[in-house]
Amino acid sequence: MKTFNNQYFYHFHPLIVFLYFSFVLTIIMFSINPIVRLITLVIGLLTLWRLENREQIRKDIKWLSMILFFSTIGNFLFIHSGRTILFEWIVSETKTYRFTFEALFYGFSFGIMMYSILIWFRLFSYSFNSEKILYLFGKRMPRISLILSMILRFIPLYQTEVTNIELAQKGLGITNKNQGNKKIEKEYQTFLSLFGWSLERAVITSDSMNARGYGLKNRTQYQSYIMQQRDILLSLLLAILLSGFYLCSSKEAFQFYYYPKLRVDFIQETSMIGYLLLIGLLSLPLLIEAKERIRWIYLEWKM
């Protein structure tokens, strides 16, 4: 699996990268406009396509699509607001359930939002490792930053350790072909082995951090990040795009109403400018990568 370590966006200052993903995730979570949500999802998938192998992409799309499906169907079945009635279920003379298009569309839009949030959190994990978390928050919030860094570090380690445990079980003749109680016993033994390993790793990490003086006031960082010219230019570009997007949003360019009937209230020119600014903001990692690829190809051709 490729990561942002091999991408140019990864090498920007941690503060700029953190602010970028914070702003993007804030826009996704607090915007109710389905067009905004769909734009964030599409560009997020395109960016993820650049980082992961095709097999992993298919797995991600499969289980994330299940979230989208259950969100759409769940809201459609249990929320009965809206005027556009698709069909009715008459339970009794005094009780009737109306299934509306507005409820169906709202569930779909909410699923798109959840889908997009998970995609962008995945991108954030690729571009922001435990070392950068300790750099930004180690002195200000040492305990919280240590927990977050351990989570980011332990997730890939857990996956590797599960693979090692399964290989060891396979060598002992315990395979996934077991059925019934034997399969449950196998999964239970895997869990116990992983749980014991995780406790041991946590104790070792804690002792190691204490020995290195973690949390002390004058402790220096393992790696020092310096704000360079590229970071300043990116922060200025980010400020311009966010300011323009906020200005369009303040003029009600992204107003959307689900109930009682789907209705879009927007100023056409302002809305188009807002959508273009959003596309530019979300595409920054891809645009930076494309710029560096073109530069690299040019330097190779020049040689």
Packing rank of 86-96, 105-115, 289-299, where each peptide gets the mean count of other beta carbons within 10 Å, highest leading
105-115, 289-299, 86-96
Once amide hydrogens are built 1.01 Å from N within the peptide plane, the residues lying 5 or more places from Leu86 or on another chain with amide H under 5 Å from its amide H are Phe99, Thr100, Phe101
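Any of Lys59/Lys170; Lys62/Lys186; Lys59/Lys186; Lys59/Lys291; Lys62/Lys183; Lys132/Lys186 with alpha carbons more than 28 Å apart? Name them for me.
The pairs that break the limit, which is 28 Å between Cα atoms, are Lys59/Lys291; Lys132/Lys186.
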Note on the stretch 5-46: alpha-carbon gyration tensor, axes a ≥ b ≥ c; rule is a/c under 1.5 for rounded, else prolate if a/b larger than b/c, else oblate; result oblate
Express in nm, to one decimal, how much length is gained between Thr96 and Ile297 on full extension, taking 0.36 nm for each residue of separation and deducting their alpha carbon distance.
65.8 nm
Label model pair Ser125, Glu269: point-to-point distance (7 angstrom along the Cα→beta-carbon line) in nm is 4.5
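Please give the FRET efficiency for Ser243 paired with Leu172, using the beta carbon to beta carbon distance and R0 = 51 Å, rounded to the nearest 0.05.
Values: r = 62 Å, r/R0 = 1.21.
Given R0 = 51 Å and the Cβ-Cβ separation, E is 0.25.
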For the stretch 52-121, shape from the Cα gyration tensor axes a ≥ b ≥ c, cut at a/c of 1.5 then a/b versus b/c, turns out prolate
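Any idea of the accessible area per residue across the stretch 80-143, 1.4 Å probe, to the nearest Å²?
Numbers: 3630 Å² over 64 residues.
Dividing the accessible area of the stretch 80-143 by its residue count gives 57 Å².
The values are calculated or read from the model by the stated rules, or taken from the named source; none is laboratory data. Computed from a predicted structure; not experimentally measured. A quick note on method: Cβ atoms are made from the backbone with ideal geometry, for glycine too, and the neighbour counts reach across all protein chains shown. For accessibility, only protein heavy atoms count, side chains too; no ligands or nucleic acids. Shrake-Rupley method; radii C 1.70, N 1.55, O 1.52, S 1.80 Å.
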